[in-house]
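Data block below; observations after.
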Amino acid sequence: LPGAVLVGAGLWMLSGCAGMLPAPVDAATQVRERAEQRWQHLLAGRLDEAYAYLSPGSRERVTAAYYKGSLKPGMWRGAKVADVECAVVDVCKVQVQLAYEYMRPGVKYESERSLDETWVREGGQWWYLLPR
């Protein structure tokens with residue numbers, strides 16, 4: 001009987017502790033946070049930090065110098081993750097609303113557009129998959 005009491009008390013304590021564990025974060029929430037962080041780096045011109053969000057395969061294909069040279073920091077005025085859809089395991093589609101401005105001779109244009117991104121989970125982490 002004392003052993004049963006100890007086992008029961010142990011199970012009761014475990015069930016109480018389990019209620020204190022943080023709820024698991026779903027894929028869409030994780031991807032939304034990572035995509036927003038990446039865009040904050042891009043908006044601030046921190047291209048090395050933004051490069052770190054690229055998938056390992058993308059980083060094998062594209063050097064940091066090439067990646068940074070392909071971007072036009074300062075053109076973007078804002079970015080908001082509008083939607084995240086994770087219909088396939090380890091792959092999420094992200095829609096970003098991007099505000100930007102550009103100059104033509106004598107005229108400044110401001111515009112917005114929707115941008116689609118693909119994020120993949122590798123090694124337990126979500127990464128931005130650079131388009132080919």
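Each row is one residue, and each column tells you yes or no for (1) among the aromatic types (F, W, Y); (2) at negative phi; (3) not in a strand (DSSP E or B).
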| site | (1), (2), (3) |
| --- | --- |
| T29 | no, yes, yes |
| R38 | no, yes, yes |
| A65 | no, yes, yes |
| R77 | no, yes, no |
| A87 | no, yes, no |
| C92 | no, yes, no |
| Q97 | no, yes, no |
| Y100 | yes, yes, no |
| M103 | no, yes, no |
| said: Please go through segment 22-70 and give me each residue that is of a type in the set (A, V, I, L, M) and in contact with a Gly (Cβ under 9 Å, 6 or more places away or on another chain), ordered by number. | reply: L43
| task | Could you list all residues from segment 50-80 that are under 27 Å from E110 (Cβ atoms), open to solvent by 80 Å² or more (accessible area, probe 1.4 Å) and modelled with pLDDT of 95 or more? | result | K80
| field | Residues located in segment 117-132, provided they are aliphatic (A, V, I, L, M) and either over 17 Å from L42 (Cα atoms) or exposed (fewer than 10 other Cβ atoms within 10 Å of the Cβ) (or both) | value | V120
| note | Conditions (1) assigned to a strand (DSSP E or B); (2) at pLDDT 95 or above -> L42 fails only (1)
| For segment 94-116, does any single residue satisfy the condition of being in contact with a strand residue (DSSP E or B) (Cβ under 7 Å, 6 or more places away or on another chain), open to solvent by less than 30 Å² (accessible area, probe 1.4 Å) and among the aromatic types (F, W, Y)? | no
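The values are calculated or read from the model by the stated rules, or taken from the named source; none is laboratory data. Since we're looking at a predicted model, the values are computed, not measured. Positions of Cβ are backbone-derived with ideal geometry, glycine not excepted, and every protein chain shown enters the neighbour counts. What goes into the accessible areas is simple: the full protein's heavy atoms, side chains included, and nothing from ligands, DNA or RNA. Shrake-Rupley method; radii C 1.70, N 1.55, O 1.52, S 1.80 Å.
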